[in-house]
1. Relative contact order of region 6-121: what whole-number percent is it, with Cα pairs under 8 angstrom and at least 6 residues apart?
2. Taking the beta-carbon count within 10 Å as an exposure proxy, list CYS101, CYS44 from fewest neighbours to most.
3. Using a cut-off of under 15 Å, list every residue of region 86-105 whose amide N is near the label point 7 Å from the Cα of GLU30 along the Cα-to-beta-carbon line.
4. What is the fewest-to-most order of ARG108, ARG16 by other Cβ atoms lying within 10 Å of their Cβ?
5. Sort PHE113, PHE67 so the one with the fewest other Cβ atoms within 10 Å of its own Cβ comes first.
6. Direction-averaged shadow area of the convex hull around the Cα atoms of the chain, nm²?
7. Lysine pairs in the chain with Cα distance under 23 Å, only those 8 or more apart or on different chains: how many are there?
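Taken together, the values in this text are just the output of simple stated rules run on the coordinates, not laboratory data. Just so we're clear, the structure is a prediction, and the values are computed from it rather than from any experiment. Here the Cβ is made from the backbone with ideal geometry for all residues, glycine too, and neighbour counts use every protein chain on show.
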Amino acid sequence: MKFNRFEEIEVWQISREFVKDIYKITGNAEYLKDYDLRKQMRRCAVSIPSNIAEGYERKSNTEFIRFLYISKGSAGELRTQLYFSKDLEYIDDKTFNDLLCRSEEISRSLSGFIKYLESTSRK
């Protein structure tokens with residue numbers, strides 16, 4: 001798998017779309033009253049593709065893998081905030097399930113990408 005630009009990486013593309021949806025959802029009235037949760041969710045979402053890009057630009061598989069792990073951590077943190085959002089009734093079950101599934105898919109994709117990069121680094 002050879003990429004010329006981080007924009008070609010599928011998990012970056014998916015997470016970029018995810019950011020847009022997190023921004024839309026956290027723009028609702030409930031989140032406007034809960035500034036801290038809203039801000040933290042947005043920061044976590046933005047961190048996912050941002051760390052993929054930053055790691056790629058480091059031009060070292062070791063650094064890239066490190067940043068992919070950071071990105072994966074942000075996806076996990078965001079999943080926790082989705083649970084808070086559901087518990088506080090800021091989002092309905094359908095929205096929660098959709099976002100949770102998408103964040104889990106991003107985490108799985110990052111894990112697969114990390115495993116691939118680790119296997120090619122050893123050769």
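1. On the way: 112 pairs, mean separation 30.5, N = 116.
It rounds to 26 percent for region 6-121.
2. Numbers: CYS101 10, CYS44 22.
By the 10 Å Cβ count, ascending: CYS101, CYS44.
3. What the label zone holds, given the 15 Å backbone N cut-off, is 86-100.
4. Working: ARG108 13, ARG16 17.
In order of increasing Cβ crowding within 10 Å: ARG108, ARG16.
5. Numbers: PHE113 21, PHE67 18.
Listed from fewest to most nearby Cβ atoms, that is PHE67, PHE113.
6. Working: hull surface 28.5 nm².
Averaging across all directions leaves 7.1 nm² for the Cα convex hull.
7. Lysine pairs, 8 or more places apart or on different chains, close enough: 26.
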